[in-house]
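The next block holds one structure in the form of structure tokens; read it before the comments.
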Amino acid sequence: MTRNAYRLKPSPGGGFHLGREGLDQEVSSETFPSDSLFAALIAVQIARGGPAPTKDILESSLSLSSVFPFAGQLLLFPMPRLRVNLSDTSRPGVTKALKKLHYVSFAVLARLLEGDLMDEWLSEDLTRSKGLLLQDGKVWIAQQEDKLLPADWHKLDKAALKATPIWKSQRVPRVAIDRISNSSQIYHVGRTTFAPDCGLWFLADLDPQQVSLFEDLLAYLADGGIGGERSAGYGAFEVERIDPPDLPSPQRAQRVMTLSRYNPTKDEIDGGVLHEGASYELVDVGGWLASPDGPAQRRKRVRMIEAGSVLQQPAGITITGQVVDVRPTYNGQAEEYEQSGAPQHPVWRSGIALTVGVTGGH
């Protein structure tokens, strides 16, 4: 397997509607989960007339991270679910600051995974702190990484940098017209936009023989877009291949952090990946499917472990995860797909893990 990294630069004047099931249509996120990216690529493969991938092929040749923000040359990662090593957690504002953090830079992530003392990295005295907070406190980076930010930001002081948005989520008014009465009704849709020289990025572990096909699918997806409201011009982007960051290897690590959503196999659960020492967030993944075989219908719900979670990796176990068939079953009978109107083909949702090693920490 080879590790590749890609930046997704929003089309000029464009934006994204990256919604989550159960949230209002007015809400749009700044990240796109790995299972949704995986499903979009499979849909592109089918739309281009390619063969439907089998589960064995998918599990052996494709592992994606979730899609995270970047700013300039600075890549952001999910805040790991580790206890931050601080000598004094009672300092005013520290607990509040930690709860607000969503993303960290490569330099901060490396130190958190090592378990380094972070007092000097999270200081209210900006003149002495080794760390910087961006996006109103949601992003934590190292002072020396400020040169990686967009060139226009280099002249800003530290307070101004914290207030400068990498992304914005807004409500955009839309109008629906009744076809019979011609009456109109206003509703709102969430839209996420990125500052110039900012956007999204992700990692992909690929079979070397599949890289060319994968990049073809990604280029096709760039034109069609990701997320919702694509018919309104949302979701399009330009793809740029970049050098992948040199992250700690998960091989032989006793604990790992996942950069993707992860659906563990029974053997992995029985082996202890969720035992003491793990720290993780569960997310229910549902929603709708679209198929040429029939009408849109609800997918079967599946529970995943969210990106940023920390898992045990006991000796003899390599955390991999699995791809799940989420086509619906009716009356509890999976073999009645034809009679029930469910699709005749699998509907794959990926819970394959893309992990990095946790070398220290608590």
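Of the options L149, G50, A222, report the single residue whose Cα projects farthest towards the positive end of the charge dipole of the chain (beta-carbon charges: Lys, Arg +1; Asp, Glu -1).
The one lying farthest along the dipole's positive direction is L149.
Which of the DSSP-defined H helices in the chain satisfy a minimum axial length of 15 Å, computed from C-alpha atoms, and a minimum mean Kyte-Doolittle hydropathy of -0.5? If you can, show how the numbers build up before the last one.
Numbers: long enough: 34-47 (20 Å, 1.59); 211-224 (20 Å, 0.91).
Both cut-offs are met by 34-47, 211-224.
If you plug each phi of the stretch 74-82 into the Karplus form 6.51 cos²θ - 1.76 cosθ + 1.60 with θ = phi - 60°, what whole-Hz ³J(HN,Hα) values come out, in order, with x for Gly and Pro?
Going residue by residue, I get 9, 8, 10, 10, x, 4, x, 7, 10 Hz, with x marking Gly and Pro.
Tell me the Rg and the Dmax, in Å, that the Cα atoms of the chain produce.
21.4, 69
Over what distance in Å are the Cα centres of the stretch 189-233 and the stretch 268-297 separated?
22
Relative contact order, percent, of the stretch 1-86 when contacts are C-alpha pairs under 8 Å separated by at least 6 residues?
Taking the mean separation of contacting Cα pairs over the length of the stretch 1-86, I get 23 percent.
Only Lys, Arg, Asp and Glu count, each charged at its Cβ (+1, +1, -1, -1), so figure out the dipole size of the stretch 1-101 about its Cα centre, rounded to 20 debye.
Details: 12 positive and 8 negative charges, 90 e Å.
Here the size comes out at about 440 debye.
Using the Karplus curve 6.51 cos²θ - 1.76 cosθ + 1.60 with θ = phi - 60°, what ³J(HN,Hα) values do you get for each residue of the stretch 91-100, in whole Hz, with x for Gly and Pro?
4, x, x, 5, 4, 5, 5, 5, 5, 7
Tell me the relative contact order for the stretch 35-129 as a rounded percent, counting alpha carbon contacts under 8 Å between residues six or more apart. Provide the component values of the computation, followed by the final result.
Numbers: 64 pairs, mean separation 22.1, N = 95.
Result for the stretch 35-129 is 23 percent.
Suppose a student asked you for the relative contact order of the stretch 277-327, using Cα pairs under 8 Å spaced at least 6 residues apart; what percent would you report?
Working: 59 pairs, mean separation 20.6, N = 51.
Relative contact order comes out at 40 percent.
Report, to the nearest whole %, how much of the accessible area of the chain belongs to carbon and sulfur atoms, 1.4 Å probe, protein only. Spell out each step's value before the answer.
On the way: 8780 of 18050 Å².
Carbon and sulfur atoms account for 49 percent of the accessible area of the chain.
Give me the accessible area per residue for the chain, probe 1.4 Å, as a whole number in Å². Don't skip to the end; give the middle numbers.
On the way: 18050 Å² over 362 residues.
I get 50 Å² per residue for this part.
Apply 1/(1 + (r/R0)^6) to the Cβ-Cβ distance of Q170 and A219, taking R0 = 30 Å, and write down the FRET efficiency to the nearest 0.05. All intermediate terms of the calculation are to be shown ahead of the outcome.
Working: r = 29 Å, r/R0 = 0.95.
About 0.60, to the nearest 0.05.
If you place +1 on the Cβ of every Lys and Arg and -1 on the Cβ of every Asp and Glu, how big does the dipole about the Cα centre of the chain come out, in debye to the nearest 20? Intermediate results must be reported in sequence, preceding the final value.
Details: 38 positive and 43 negative charges, 162 e Å.
In debye, rounded to 20, the chain gives about 780.
Would you mind checking K55/K168; K96/K158; K99/K147; K147/K168 for any pair whose Cα atoms are more than 28 angstrom apart? Let's see the in-between values first.
Details: K55/K168 37 Å; K96/K158 19 Å; K99/K147 26 Å; K147/K168 22 Å.
Going by Cα-Cα distance, K55/K168 fall outside the 28 Å limit.
Who wins for biggest fluctuation among A232, A253, A296 in a Gaussian network model of the chain, springs between alpha carbons below 10 Å?
The residue with the greatest mean-square fluctuation here is A232.
Ranking request for peptides 177-186, 240-249: highest mean number of other beta-carbon atoms within 10 Å first, then the rest in descending order.
Final packing ranking: 240-249, 177-186.
Go through P12, P328, A40 and say which Cα lies farthest out towards the positive end of the charge dipole of the chain; charges sit on Cβ, +1 for Lys and Arg, -1 for Asp and Glu.
Value: P12.
The values are calculated or read from the model by the stated rules, or taken from the named source; none is laboratory data. None of these values were measured; they are calculated from a predicted model. So basically every Cβ, Gly included, is an ideal-geometry build from the backbone, and we count neighbours across all protein chains shown. Ligands, DNA and RNA are excluded from the accessible area calculation, which covers all protein heavy atoms including side chains. Shrake-Rupley method; radii C 1.70, N 1.55, O 1.52, S 1.80 Å.
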